[in-house]
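The values are calculated or read from the model by the stated rules, or taken from the named source; none is laboratory data. Bear in mind that the values here come from a model prediction, so they are computed numbers and not experimental data. Glycine also receives a Cβ, built like all others from the backbone with ideal geometry; neighbour counts cover every protein chain displayed.
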């Protein structure tokens with residue numbers, strides 16, 4: 001339930017963030033700055049959520065993250081009313097906490113999963129985000145109209161939805177996430193260890209990928225995040241330059257977000273059955289196809305752009321689920337939440353880099369060059385996965 005709500009909050013802000021900054025600054029070159037800021041904010045939030053979860057459990061960590069995202073959403077609305085770019089950027093930084101928390105929740109799905117079913121457990125959490133993710137972008141126009149009636153700029157309307165959705169997600173977790181999955185997993189591991197009488201720290205040994213798995217899993221998720229954020233951020237700007245309205249942009253982003261999360265059950269099954277390395281390689285190939293299609297598609301073709309963004313979302317999904325499975329298999333319970341938080345910092349920083357450079361690159365060379373470059377960059381996954389498979 002919390003993922004459905006937070007998915008709506010996340011998707012609504014993504015849909016119009018770049019357009020709001022473009023209107024306030026009058027510059028396409030800085031249109032990628034909102035995405036960079038809220039992904040940079042999510043980096044700081046990922047550390048905080050990870051540390052709180054490590055010390056106190058998933059429930060307080062995730063609840064605090066969503067509440068922070070709600071505060072950021074309110075700040076964006078206030079900045080739009082005041083027409084204050086500085087306040088807008090500060091609020092977007094805080095808003096990023098919701099993005100980080102939405103991603104961190106996938107680890108909670110794996111805490112109590114049986115061996116060999118962790119990827120499917122992660123995918124169950126991810127797919128719940130789809131319902132909200134598909135709804136959020138398509139409410140951009142209605143929430144914009146509501147904002148107009150309230151005397152608020154129309155592009156700030158979706159952030160009204162984001163604030164309410166994040167606050168409700170926090171409430172659901174605070175009340176209903178009992179028992180805490182991470183704390184219960186530790187208790188069960190300690191009981192099993194005591195029964196065996198080994199005296200070894202719970203889950204401190206026996207991980208399947210070792211230390212190298214953390215690096216590989218992080219690399220897979222970092223590259224897929226960078227490519228996804230860069231192309232996704234500039235697609236609404238590219239479409240507006242070709243005469244498309246907010247409704248068309250919202251439709252394309254909704255298709256993209258659906259492709260990010262809907263395939264999760266199938267992806268989880270594939271990862272559990274065939275191993276995460278093969279699925280990580282498939283992610284790189286899918287992202288390449290997306291970049292080529294987005295780069296070559298005519299700007300007036302909503303259908304081809306929607307297909308390209310669907311492939312972009314699918315490639316991201318393959319990378320996220322496989323990378324999460326590698327990380328989960330490489331980190332013991334004793335340090336799991338803290339390590340997962342640090343890994344998500346690198347993912348957030350990659351998203352910030354993609355968001356920041358995408359606007360500059362589009363202003364200098366155009367959207368097709370950005371899309372083709374990102375597609376080529378995704379191929380870097382293949383040698384890394386091949387090297388890891390050879391070592392194993």
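Quick notes
- Long-range neighbours under 9 Å by Cβ, at least six apart or interchain, first residue on the phi > 0 side of the Ramachandran plot within segment 103-116, second surrounded by fewer than 24 Cβ atoms within 10 Å (Cβ to Cβ) and assigned to a helix (DSSP H, G or I): 116/272
- Any hit, segment 288-303, residues being assigned to a helix (DSSP H, G or I), in contact (Cβ under 8 Å) with a residue 40 or more places away in the chain and surrounded by fewer than 16 Cβ atoms within 10 Å (Cβ to Cβ): yes
- Qualifying residue in segment 261-270 (condition: surrounded by fewer than 21 Cβ atoms within 10 Å (Cβ to Cβ) and more than 19 Å from the chain's Cα centre (by Cα)): yes
- Qualifying residue in segment 145-155 (condition: touching a helix residue (DSSP H, G or I) at 6+ places or on another chain (Cβ under 6 Å) and surrounded by 23 or more Cβ atoms within 10 Å (Cβ to Cβ)): yes
- Residue count for segment 189-217 satisfying the condition of being surrounded by fewer than 13 Cβ atoms within 10 Å (Cβ to Cβ) and either within 21 Å of the chain's Cα centre (by Cα) or modelled with pLDDT of 75 or more (or both): 4.
- Here residue 175 meets each of (1) part of a helix (DSSP H, G or I); (2) over 18 Å from residue 261 (Cβ atoms); (3) touching a helix residue (DSSP H, G or I) at 6+ places or on another chain (Cβ under 8 Å) with one exception, condition (3).
- Residue within segment 274-283 that is surrounded by fewer than 24 Cβ atoms within 10 Å (Cβ to Cβ) and within 19 Å of residue 374 (Cβ to Cβ) present: yes
- Filter pass, residue 251 being within 30 Å of residue 386 (Cβ to Cβ) and either surrounded by fewer than 24 Cβ atoms within 10 Å (Cβ to Cβ) or over 20 Å from the mean Cα position of the chain (by Cα) (or both): no
- Among the residues of segment 18-31, not a single one is at pLDDT 85 or above, at negative phi and surrounded by fewer than 24 Cβ atoms within 10 Å (Cβ to Cβ).
- Condition met for residue 67 (at pLDDT 90 or above, assigned to a helix (DSSP H, G or I) and touching a helix residue (DSSP H, G or I) at 6+ places or on another chain (Cβ under 8 Å)): yes
Yes or no, residue by residue, for (1) closer than 25 Å to residue 85 by Cβ; (2) touching a strand residue (DSSP E or B) at 6+ places or on another chain (Cβ under 7 Å); (3) modelled with pLDDT of 90 or more; (4) surrounded by 20 or more Cβ atoms within 10 Å (Cβ to Cβ):
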site	(1), (2), (3), (4)
99	yes, no, no, yes
114	no, no, no, no
128	no, no, no, yes
136	yes, no, no, yes
141	yes, no, no, no
161	yes, no, no, yes
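- Helices (runs of 4 or more DSSP H) fully within segment 310-392 that include at least 1 residues being in contact (Cβ under 8 Å) with a residue 60 or more places away in the chain and under 27 Å from residue 117 (Cβ atoms): 336-365, 381-391.
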